Amino acid sequence: MFHPLLNDLSELNDQELNDRAQEISRKLSSVYRVGANPGLIQQMQLVNAQLQDEVMFRQRKELEKLMDKNGKDFKNIIDIK
């Protein structure tokens, strides 16, 4: 989902992105404890989801880059031991 008031996350470096994700998670848990307005909780959940999606996207991109660099392709391998 896309939150219209959230700045472009691609402008943040990895550390800034992780800091913002931790900050919103901390604030969201505080809001749950207080029992704040459900609309506020929903908006914070949207921001949290968008931040987490960006973190996962960057991690996936980095993993693919490392796999390409090492010449390993694990996409079509099923290994059952």
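The values are calculated or read from the model by the stated rules, or taken from the named source; none is laboratory data. From a predicted model like this one, the values you see are computed outputs, not experimental measurements. Side chains included, ligands, DNA and RNA excluded: accessible areas come from the protein's heavy atoms. Shrake-Rupley method; radii C 1.70, N 1.55, O 1.52, S 1.80 Å.
Computed from backbone phi with θ = phi - 60° and the Karplus coefficients 6.51, -1.76 and 1.60, the 3J(HN,Hα) list for the range 50-67 is 5, 5, 5, 4, 5, 4, 5, 4, 5, 5, 5, 5, 5, 5, 4, 5, 5, 5 Hz; x is used for glycine and proline. Give me the number: length gained by fully extending Asp14 to Glu62, i.e. 0.36 nm times residue separation minus the C-alpha to C-alpha distance, one decimal in nm. Between Asp14 and Glu62, full extension yields an extra 16.1 nm. Accessible surface area normalised per residue over the range 1-72 is 76 Å², counting heavy atoms of protein chains with a 1.4 Å rolling probe.
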